[in-house]
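Trainee: Quick one: structure below, then a few questions.
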Ligand code: ARG
Ligand code: ASP
């Protein structure tokens with residue numbers, strides 16, 4: 001009786017059956033969600049989303065580079081992704097003379113499409129539940145390697161991996177076809193593609209034209225092949241048609257893409273560490289680096305180009321962590337999870353799950369100081385650029401060293417790095433306890449007496465002055481070597497060991513949660529495998545008394561336009577076209593309730609008919625805690641309205657020829 005009562009109490013406490021729009025679902029299991037999707041307006045079937053027998057929408061979605069999503073939009077392998085996903089490639093093609101960041105780029109002829117060494121896109125060929133094999137295997141690593149070997153034998157460009165889901169309660173094999181000849185076709189100037197910059201990043205109302213266009217090339221048999229001038233545009237199995245019908249509040253939407261990482265099932269202790277310890281510390285350190293970058297980027301166009309990509313990536317997480325920390329605090333997630341754990345433990349009495357949350361709490365307590373030192377070190381000492389370069393120069397093959405050097409120096413400005421060093425090491429000395437610092441640090445501080453003097457010595461070493469003859473004995477290299485050594489030998493092993501124990505416990509805790517809440521549908525945490533998230537177009541209330549509408553327009557861009565503020569200085573062409581008065585209501589971005597995370601950038605956002613309506617690129621600041629806890633009231637993804645893409649390419653830059661091969665529908 002007590003048991004039944006406590007089950008009931010537990011069930012009542014947490015009747016949150018996977019809330020409508022929460023969740024990132026496995027495409028091959030979408031049949032389990034399809035009834036719900038259709039009830040919410042979706043007009044196609046599970047087989048249209050993922051099929052082993054016929055071409056389906058999954059064949060038009062790619063993992064773009066190492067951490068974004070892209071979608072195929074024509075018979076000839078034309079690909080859309082975000083501007084910020086293509087950014088580092090666009091930057092590499094740019095110089096002060098050919099500044100594609102500033103002016104944009106449009107390849108109106110195939111010959112003008114630019115190759116991008118190092119960039120590849122991956123199509124998911126198939127996925128398969130291999131839990132049985134993996135669970136039976138004595139050596140899981142070996143079993144996974146064997147599965148991968150079998151899956152990739154005898155196919156061009158095949159790659160595969162076995163991924164654990166639900167902390168190893170399930171295993172899937174993912175097989176990809178990887179294309180490595182991907183060419184840059186076009187992008188607007190960054191005053192459109194990055195409009196709003198880091199000021200508007202993670203925020204609504206948003207007006208960023210966050211798109212860039214690429215094309216996948218294949219050999220003459222349509223197979224993946226390394227770059228060759230003889231390659232031809234890839235003929236995809238499936239491509240998206242582009243809808244110009246537009247969206248309105250309440251419309252069904254879904255996102256197909258590669259979300260990177262979420263932790264929805266962690267305990268209150270893990271959440272507290274994120275919002276009270278880790279996020280605040282990392283925010284503090286990145287503020288120091290950003291301050292140094294901002295100071296010099298404002299003084300010279302060359303430095304601005306050099307640091308544009310680095311600055312965007314440093315600032316991106318910096319801002320996200322702020323939203324996440326606030327969101328977790330506001331939602332009282334630590335408290336809610338504590339209550340959940342108490343209910344769980346009550347239910348778990350006498351089962352094999354009894355005491356599991358306390359065991360987790362105990363390991364988290366031991367982990368915290370190591371994890372903190374690990375994160376702090378990597379965001380400070382290990383974030384200094386010159387020692388990073390010394391180390392990669394030293395470990396490169398002699399014949400590659402020149403390339404490593406050129407690549408680094410092209411985007412390096414020493415005053416930024418040196419100022420960052422002083423600020424970061426000062427913070428390090430203050431905020432990391434002596435017992436978690438290498439002896440090397442104490443020695444150097446004793447030797448130089450101050451961070452500034454230490455910096456003066458390091459940044460005038462032979463290596464720093466361009467003499468690479470004795471890297472191994474150069475203080476710059478030694479700095480990196482000593483901190484890496486400490487990190488790898490003193491911090492990482494403990495961190496790894498304790499995290500492995502935690503993961504093992506989560507394996508059981510996950511199982512326990514599923515038994516505790518048998519009616520809830522659990523979705524696996526994101527792990528950069530292909531997922532479907534669905535929801536609808538919808539605004540939200542960021543604060544009491546304010547409602548944010550889900551669509552932004554060109555008028556909003558003009559309202560923000562300001563030639564004196566770099567982030568808001570739009571191209572004259574956009575001002576001119578607005579002045580015609582014909583485009584006041586031109587849609588730019590929209591909000592929806594799809595559950596997304598980093599990696600979903602560039603993801604196709606699709607309407608009820610399966611047609612492309614936009615490109616996902618961000619979330620709202622008030623909802624970035626969705627990696628840890630999803631609040632359907634406030635978590636929103638931000639997409640570029642595909643009609644703005646068409647408008648910019650065709651109307652603003654008269655490059656509509658690029659879109660001629662796209663199939664537009666209403
Ligand atoms: N916040 C988006 C994401 O996490 C966009 C990042 C790029 N934009 C920027 N201003 N840094 O990827
Ligand atoms: N902007 C992110 C990305 O690049 C998406 C997000 O975190 O919502 O993947």
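The values are calculated or read from the model by the stated rules, or taken from the named source; none is laboratory data. Predicted model only: the values in this text are computed from it and were never measured. So basically every Cβ, Gly included, is an ideal-geometry build from the backbone, and we count neighbours across all protein chains shown.
Trainee: Go through the range 58-110 and give me each residue that's modelled with pLDDT under 95, over 27 Å from residue 176 (Cα atoms) and in a loop (DSSP other than H, G, I, E, B).
Mentor: 93, 94, 95, 96, 97, 98, 99
Trainee: Just the residues that are without any contact (Cβ under 8 Å) to a residue 60 or more places away in the chain and under 22 Å from residue 599 (Cβ atoms), please, taken from the range 17-49.
Mentor: 29
Trainee: Exactly one of these conditions fails for residue 16: (1) more than 16 Å from ligand 1 (Cβ to nearest atom); (2) at pLDDT 95 or above; (3) surrounded by fewer than 23 Cβ atoms within 10 Å (Cβ to Cβ). Give me its number.
Mentor: If we test residue 16 against (1) more than 16 Å from ligand 1 (Cβ to nearest atom); (2) at pLDDT 95 or above; (3) surrounded by fewer than 23 Cβ atoms within 10 Å (Cβ to Cβ), just (2) comes out false.
Trainee: Name the pairs: first residue in the range 591-602 and farther than 8 Å from residue 259 by Cβ, second residue within 9 Å of ligand 1 (Cβ to nearest atom) and part of a loop (DSSP other than H, G, I, E, B), Cβ to Cβ under 6 Å, at least 6 apart or on different chains?
Mentor: 601/82; 602/82
Trainee: Considering (1) more than 16 Å from ligand 1 (Cβ to nearest atom); (2) part of a loop (DSSP other than H, G, I, E, B); (3) farther than 26 Å from residue 304 by Cβ, say which one residue 564 fails and leave the rest.
Mentor: Answer for residue 564: the failing condition is (3).
Trainee: If the requirement is being under 29 Å from the mean Cα position of the chain (by Cα), touching a residue at least 40 places away in the same chain (Cβ under 8 Å), under 17 Å from residue 381 (Cα atoms) and in a helix (DSSP H, G or I), which of these qualifies: 477, 495, 486?
Mentor: Working: 477 fails: under 29 Å from the mean Cα position of the chain (by Cα); 495 fails: under 17 Å from residue 381 (Cα atoms).
It is 486.
Trainee: Here's a follow-up. Looking only at the range 442-474, how many residues end up being within 17 Å of residue 424 (Cα to Cα) and either touching a residue at least 60 places away in the same chain (Cβ under 8 Å) or surrounded by fewer than 18 Cβ atoms within 10 Å (Cβ to Cβ) (or both)? Talk me through it step by step, then tell me what you get.
Mentor: Kept after step one, since they are within 17 Å of residue 424 (Cα to Cα), are these residues of the range 442-474: 442, 444-445, 448-459.
Filter again for either touching a residue at least 60 places away in the same chain (Cβ under 8 Å) or surrounded by fewer than 18 Cβ atoms within 10 Å (Cβ to Cβ) (or both), leaving 442, 445, 448-450, 452-453, 456-459.
Number of matching residues: 11.
Trainee: Sticking with this structure for a sec: Can you pull out every residue in the range 564-596 that is surrounded by 15 or more Cβ atoms within 10 Å (Cβ to Cβ) and touching a strand residue (DSSP E or B) at 6+ places or on another chain (Cβ under 9 Å)?
Mentor: 583, 586, 587, 588, 589, 590, 591, 592, 593, 594, 595, 596
Trainee: Hey, another quick one. For residue 385, only one of the following conditions fails: (1) away from ligand 1 (no atom under 16 Å from the Cβ); (2) touching a residue at least 40 places away in the same chain (Cβ under 8 Å); (3) within 26 Å of the chain's Cα centre (by Cα). What is its number?
Mentor: The single condition residue 385 does not satisfy is (2).
Trainee: Does the range 201-232 hold any residues that are touching a helix residue (DSSP H, G or I) at 6+ places or on another chain (Cβ under 9 Å) and either surrounded by fewer than 20 Cβ atoms within 10 Å (Cβ to Cβ) or assigned to a loop (DSSP other than H, G, I, E, B) (or both), and which are they? First the steps, then the outcome.
Mentor: Restricting attention to the range 201-232, the residues satisfying the condition of being touching a helix residue (DSSP H, G or I) at 6+ places or on another chain (Cβ under 9 Å) are 201-215.
201, 202, 203, 204, 205, 206, 207, 208, 209, 210, 211 - these are the residues of the range 201-232 that are touching a helix residue (DSSP H, G or I) at 6+ places or on another chain (Cβ under 9 Å) and either surrounded by fewer than 20 Cβ atoms within 10 Å (Cβ to Cβ) or assigned to a loop (DSSP other than H, G, I, E, B) (or both).
Trainee: What number goes with the only condition from (1) more than 16 Å from ligand 2 (Cβ to nearest atom); (2) crowded, with 17+ Cβ neighbours inside 10 Å; (3) within 30 Å of residue 541 (Cα to Cα) that residue 314 does not pass?
Mentor: (1)
Trainee: Then there is this: Collect the residues in the range 615-643 that are farther than 30 Å from residue 265 by Cα, away from ligand 1 (no atom under 16 Å from the Cβ) and either in a helix (DSSP H, G or I) or under 18 Å from the mean Cα position of the chain (by Cα) (or both), keeping them in residue-number order.
Mentor: At the first step, the residues of the range 615-643 found to be farther than 30 Å from residue 265 by Cα are 640-643.
If we keep only those that are away from ligand 1 (no atom under 16 Å from the Cβ) too, we end up with 641-643.
Answer for the range 615-643, where residues must be farther than 30 Å from residue 265 by Cα, away from ligand 1 (no atom under 16 Å from the Cβ) and either in a helix (DSSP H, G or I) or under 18 Å from the mean Cα position of the chain (by Cα) (or both): 642, 643.
Trainee: Just the residues that are without any contact (Cβ under 8 Å) to a residue 40 or more places away in the chain and either within 15 Å of ligand 1 (Cβ to nearest atom) or touching a strand residue (DSSP E or B) at 6+ places or on another chain (Cβ under 8 Å) (or both), please, taken from the range 54-73. Talk me through it step by step, then tell me what you get.
Mentor: In the first step, residues of the range 54-73 are kept if they are without any contact (Cβ under 8 Å) to a residue 40 or more places away in the chain; the result is 54, 66.
Within the range 54-73, 66 is the sole residue that qualifies.
Trainee: OK, next. Looking at the structure I just gave you, is residue 263 more than 16 Å from ligand 1 (Cβ to nearest atom) and more than 26 Å from residue 425 (Cα to Cα)?
Mentor: yes
Trainee: Here is a further query. Does residue 320 satisfy being part of a helix (DSSP H, G or I), under 18 Å from the mean Cα position of the chain (by Cα), within 16 Å of ligand 1 (Cβ to nearest atom) and modelled with pLDDT of 95 or more? Full working, then the answer.
Mentor: Details: part of a helix (DSSP H, G or I): yes; under 18 Å from the mean Cα position of the chain (by Cα): yes; within 16 Å of ligand 1 (Cβ to nearest atom): yes; modelled with pLDDT of 95 or more: yes.
The answer is yes for residue 320.
Trainee: Mind checking which residues of the range 596-614 are more than 13 Å from ligand 2 (Cβ to nearest atom) and either under 10 Å from the mean Cα position of the chain (by Cα) or in a loop (DSSP other than H, G, I, E, B) (or both)?
Mentor: Those that are more than 13 Å from ligand 2 (Cβ to nearest atom) and either under 10 Å from the mean Cα position of the chain (by Cα) or in a loop (DSSP other than H, G, I, E, B) (or both): 607, 608, 609, 610, 611.
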